[in-house]
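What follows is a single structure, written as C-alpha cells, with notes after it.
The values are calculated or read from the model by the stated rules, or taken from the named source; none is laboratory data. As the structure is a prediction and not an experimental result, all values here were calculated from the model. Methodologically, a virtual Cβ is constructed for each residue, glycine included, from the backbone with ideal geometry; neighbour enumeration extends over all protein chains shown. Note: areas computed on protein heavy atoms with side chains; ligands, DNA, RNA excluded. Shrake-Rupley method; radii C 1.70, N 1.55, O 1.52, S 1.80 Å.
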Amino acid sequence: MIKRSLLLSLLLAATAVQAEEKAPAQPDLAKAKMTAEQVCGACHGADGNSQIPTNPKLAGQHPEYLAKQLKNFKSVDGKPAERANPVMGGMAAPLSDDDITGLAAYFGSQTLKPEAAKNKASIELGQKLWRAGDLKRGIPACAACHGPAGAGLPAQFPRIGGQFADYTEAQLKAFRAGERANDPAKMMRTIALKMTDPEIKAVSDFAAGLR
C-alpha cells in the first residue's frame, strides 16, 4: 500500500513538473515597452499609434497577427523572408521569438486611436464592398472575415477598422501585384486581383472610419 501511494505521489509530481515545463512563458512587457519606445516608436509611435499614414497603427492589433508579421519579415535558414520589406527585415532580424511575443502582446494591449473616413464621394461604394462585396465578380464581403466593425478575428484576420486608409490601400495593391505574398492560401492576392484602383481606395477609406 505504501509503495502504491509513493508511486502515485511520484507520478503526480512528474505530471505537475511536466505541465510547468509546457506552460508558455509570459511575455516580458517591460522589455517590450522599452523596445517599442526606443526602436519601434520612430515609425509606429511608442504606443503603436503611428502618425505616419504609410506606417500602420499597431495599437489594439491582435497579438497573434502581429507576431506572425514580425516572423514573416525575418529570413529563416538563409531563405528569403515571406514578407519582403528592407526596413522591417532589418528591424525584425535581431528579434528573438520571446522578443516578438513580447512586442506583439505590448502593442496589442494598447488603445487604438482610430482614423476617420475622409472621402464622402466614395463612401457608398466602400460600404457596399465592405458589407456585400461583389459576388458576380467573386469579391466576397470584407466583413465576412474582418467583421462588421473591422475588428478582425484573432490569429487569422487583422483588425482593419480605424487603420490609415493610405496603408490599407497600399497593402491591397501590394497583394494585387504579388509584391506581398504572406496571406494564407493566397486569399488576399486572389481578392485584390479582382479589384480596381477606385474600389481599393473606396473600401480602404470606408474601413478607416469603422469602429
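The table below gives the values:
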read-out: Single residue of segment 164-211 satisfying the filter (open to solvent by 30 Å² or more (accessible area, probe 1.4 Å) and among the polar types (S, T, N, Q)) that is nearest to Gly48 (Cα to Cα); value: Gln171
read-out: Residue satisfying all of: in segment 93-104; open to solvent by 30 Å² or more (accessible area, probe 1.4 Å) and in a helix (DSSP H, G or I); farthest from Lys31 (Cα to Cα) among these; value: Asp97
read-out: Positions within segment 158-176 being within 15 Å of Met187 (Cβ to Cβ) and either part of a helix (DSSP H, G or I) or in contact (Cβ under 8 Å) with a residue 60 or more places away in the chain (or both), in sequence order; value: Pro158, Gln171, Leu172, Ala174, Phe175, Arg176
read-out: Subset of segment 144-156 [within 14 Å of Met188 (Cα to Cα) and surrounded by 20 or more Cβ atoms within 10 Å (Cβ to Cβ)]; value: His146
read-out: Residue in segment 37-49 that is most open to solvent (accessible area, probe 1.4 Å), counting only those that are farther than 19 Å from Pro86 by Cα and either in contact (Cβ under 8 Å) with a residue 24 or more places away in the chain or assigned to a helix (DSSP H, G or I) (or both); value: Gln38
read-out: Residue among Ala16, Ala81, Ala67 that alone is in a helix (DSSP H, G or I), small (Gly, Ala, Ser) and modelled with pLDDT of 95 or more; value: Ala67
read-out: Selection within segment 110-140 - farther than 30 Å from Glu199 by Cβ and crowded, with 16+ Cβ neighbours inside 10 Å; value: Gln110
read-out: Residues (in contact (Cβ under 8 Å) with a residue 24 or more places away in the chain, over 15 Å from the mean Cα position of the chain (by Cα) and outside any helix (DSSP H, G or I)) located in segment 112-132; value: Lys113, Pro114, Glu115, Ala116, Ala117, Lys118, Asn119
read-out: Residue that is surrounded by the fewest Cβ atoms within 10 Å (Cβ to Cβ) [pool: residues in segment 55-64 that are part of a loop (DSSP other than H, G, I, E, B) and out of contact with any Cys (no Cβ under 9 Å at 6 or more places or on another chain)]; value: His62
read-out: Any hit, segment 197-210, residues being over 15 Å from Ile123 (Cα atoms) and not small (Gly, Ala, Ser); value: no
